[in-house]
Structure formats: C-alpha cells, structure tokens
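Here the structure is laid out as structure tokens; the discussion comes afterwards.
The values are calculated or read from the model by the stated rules, or taken from the named source; none is laboratory data. Source: prediction; values computed, not measured. Cβ placement follows ideal geometry from the backbone for every residue including glycine, while neighbour counts extend to all protein chains displayed. Only protein heavy atoms, including side chains, enter the accessible area calculation; ligands, DNA and RNA are left aside. Shrake-Rupley method; radii C 1.70, N 1.55, O 1.52, S 1.80 Å.
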Amino acid sequence: MLWAAVGVAGLGFLITLEIAARRYGQPGPITNQVKGLICAPKPGPLYGGLALMTVVLTWRQRFIAVGVAIGIDVVFTLVRWAVRIKMTDGHFFGNGALWVMLGCAVIAVTRRTGAERALLLKGVGLGLLLVAGRKTGDTWLLITSKTRPAVLDQYVATADQALGDPSWLAGRILRATGPIGTHLLHLVYAQLAVAAVVVALYQLRNVAVERRFPSHHLVRTFLVIGLIGPAIYMIFPVVGPVFAYGPGASGTGGVHWAVANLWPDTPPPINTPHPMSYDEFTPRNCMPSLHTAWATAIFIHSRRAPRFLRFAGTFWLIATLSATLGFGYHYGADLVAGVVFALTIEAALRSLDRGWDRPGIQLVVSGATVFAALLVSYRYLPVEMARHPWVFGPLLILAMTSVVHGYVRTTKLWEPTAAPTRQPEPQPEPV
C-alpha cells in the first residue's frame, strides 16, 4: 500500500509538472522521458539508473542486461548514422539503458510473482527515479525562471559580506589556478550524480544476495533533496553572483541584466538591497545550494565505506564547495543553508525509518528552525549583517555548526552498542 501510494503521488506530481511546462511552451518530464526511447538522450543518467537497477539482479543477469543495453544502443547509433540524423549535443547513445529498464518492468509483471516481483519492480523504480529526477529538476528550473521574474540576489550578496564575500575570493583564486584547476572543478561539479551512484552501489551491494533493500541509503536522501529543494527556489529566487554581478557563466550572456559587472574582482558595496528583474530563462536555483546539499549527503553516506570511498566523499565535498563558489554559481550564504538543509533532510529520513523518538524530533525541529532563520535573516537583515561582519559571520557559522554537532551527537545515540564480552570465571586448579 505504501509503495502504491508513493507511485500514485509521484505520477500525479509528474503530470502536474508536465501541465505547468506545457503552459510555457516547453515539454515536461513525461514528454522528455518518452522522447528518450527514440531520440538520443544524455547517456550518463540512463546508464547510472541501469546500474542502480542491477543491484537486484544476479551477476549473470547483470551481464545480460548491460549487454542488451549496449546492443540496442549500437543498433540505434547505426540507424542514426545511416539516415544521417543529427545528434543532440553530441549524444548518440543511452536509449538501450532505458529500454532494458522498461523491459525488466515488463518481466517483473509477467514472469515474476510475490517477493521476487516486488524486488525487481523496486529495482526498476530505483533506476527510473534517478532518470525521472533529472527530468523533473529541469522542469522545476524552467518554472522558476518563468514564474519568478524578480530575484533577491542583492539581499544575499549584501548578507554574504558577513562571511567575507567568499564567492569573490574563490573566483579570483580559481582564475589564478589556470585551466587545470578550472577543468578539474568542472569535472567534479558536472559528475556529482556519478559519485552518488558509486556510493549508492556500495550501499546496495548485498541486495541481490539478501533479496531486500537496506532500510536507508543515499538514493533516498538524494531524491528527497532534489524534490523539496526547488520549492525553496520558488520562495527565495536567486540566480547567483556570476549572473547578478558578472557577465554570466558563458562570459557573454546576462551582463545587461546584472547590477554591475563586479564579479569576481570588486566586492559589491553595502547598499540597501531591492528585488531586481532578471531574464526568463536563467534558473533561480541558488538558495539553498543543492549541489552543496548533495555533496554533503555523499560525504555522510561514505563514512561507513572503505577508505578509498571515504577519501573520495571528502574530496567531492571540498571540490564541490570550491566549484560552486569559484565559478560564481553560489554565494557563501547558499552553502551554509545547503549544509543545514541536507542534514535536516537526512535526519528526518533516518527518524522516519527507525521510528520517531525525542532526539530525532529535536534534531529535525532544530535543523528546520535554523534553516528558516537563515532565510529570514538573509531577507530582512542583510544590511545589518554586512555592517557587523564580526558579529553575524561567526553567528552564521555557529548556527551551521550547531546543526552539524546535533546530527553527529544524535546519530551516535542511534548506533547499536555491542554487548560486552563476558569473561570466563576463574576455575579452581585441580589438586
């Protein structure tokens, strides 16, 4: 009943986004998903979804599924080459992964029964959710740009001076590193989903043997962050410093909408902020920083992995924070809110899984309160924050640190404690 309710709610949400996108003359997530059966899609999310689906299969079934997917892609590619169809953005494969996932769904319904059917359908749903999540996110971003003509960048940029304008500083540092640092951070920033899939595959490595999913894993947190985060974009629309105070991410677009071409060389002056109009195609996707939230979730879920994955999770978090600031996509205030947002979501999901208790409720309530207080302070106290950075800067870091400390302390209470080993009682020596 729970899975059926979730499925119905998800379908209703996708239909709503489809209708909203159609109102603005753009295809919605359902249309884009159907187009992925024939048109050349972006292969990364599709093969990432296929990899997640295979956690419910045996090794033999995995090789067959991947082989069939590659074979279908080869056929599609040859047909496109024969009829000289132009590829979109250089993408020429990926359909095979989607066809295999849908084929496994058909097999589950027609050839499986009971627990085996449910397990295979959960695997297919997990893979398709990763793909649908990306399509849904693209539609959400379109809606933010169409429905929020005014952005609040001046407020966040003013409040960010309490943190020392970290985006301006990181932008200059990244420019000084030259093309090597830029290419490395671009790779990390763009492949965040790949890192998530790797960690998730480790967490789900025993599903095929145990025939059940673990109670909590990274994919759940990842999807919930992506589902709730864009709703905050609608409440607090922000485009980012490279757009609001610079020439745009490409170096050419957006400059005529900017307050001034200041980023990253000249920090903005302390003035009374106002909502500012912006174009109808740049996403308002800064507050909170979901890249920071996702990287934080990856870091948390990699703590119980082998040393290599722990190091990778730490590297991905640091590199993601550096990229979001260095490329001018986010303010420092966005990152603080993103960390609090991720820990609150993670705490809520873990509490939902293990049963709500007093420490869990307190952690979620405190995280939500801190997150709301951050948004309110950015909106209504930015000038005071900029004029008193030695007061409000530490307060922002202290607020974030309190949530981090509360999460670590509470989750330690949830960890099972091993029973002490009983020592054998000394026996008398035989005479």
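Residues in the stretch 49-62: is at least one under 28 Å from F281 (Cβ atoms) and either modelled with pLDDT under 90 or part of a helix (DSSP H, G or I) (or both)? For the stretch 49-62, residues under 28 Å from F281 (Cβ atoms) and either modelled with pLDDT under 90 or part of a helix (DSSP H, G or I) (or both): present. Within the stretch 15-63, being over 22 Å from A193 (Cβ atoms) and surrounded by 14 or more Cβ atoms within 10 Å (Cβ to Cβ) holds for E18, A20, Y24, Q26, Q61. Candidates are the residues of the stretch 267-310 that are small (G, A, S) and surrounded by 21 or more Cβ atoms within 10 Å (Cβ to Cβ); the one that is farthest from T136 (Cα to Cα) is S302.
Here is a yes/no grid of residues against (1) touching a helix residue (DSSP H, G or I) at 6+ places or on another chain (Cβ under 8 Å); (2) closer than 18 Å to P264 by Cβ:
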{"site": "G133", "(1), (2)": "yes, no"}
{"site": "G137", "(1), (2)": "yes, no"}
{"site": "L142", "(1), (2)": "yes, no"}
{"site": "R148", "(1), (2)": "yes, no"}
{"site": "L152", "(1), (2)": "yes, no"}
{"site": "G164", "(1), (2)": "yes, yes"}
{"site": "L174", "(1), (2)": "yes, yes"}
{"site": "T177", "(1), (2)": "no, yes"}
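Given the condition modelled with pLDDT of 90 or more, open to solvent by 50 Å² or more (accessible area, probe 1.4 Å) and hydroxyl-bearing (S, T, Y), answer yes or no: does some residue in the stretch 207-219 qualify? Checking the stretch 207-219: not a single residue is modelled with pLDDT of 90 or more, open to solvent by 50 Å² or more (accessible area, probe 1.4 Å) and hydroxyl-bearing (S, T, Y).
When residues in the stretch 64-83 are screened for being farther than 16 Å from M101 by Cα and either crowded, with 19+ Cβ neighbours inside 10 Å or of a type in the set (S, T, N, Q) (or both), 2 of them pass. Here the stretch 228-260 is the region considered, the condition is being open to solvent by 40 Å² or more (accessible area, probe 1.4 Å), at pLDDT below 85 and not β-branched (V, I, T), and the residue that is farthest from A342 (Cα to Cα) is H256.
Residues of the stretch 162-205 that are open to solvent by less than 20 Å² (accessible area, probe 1.4 Å), touching a His at 6+ places or on another chain (Cβ under 7 Å) and in a helix (DSSP H, G or I): S167, L192, V199, A200.
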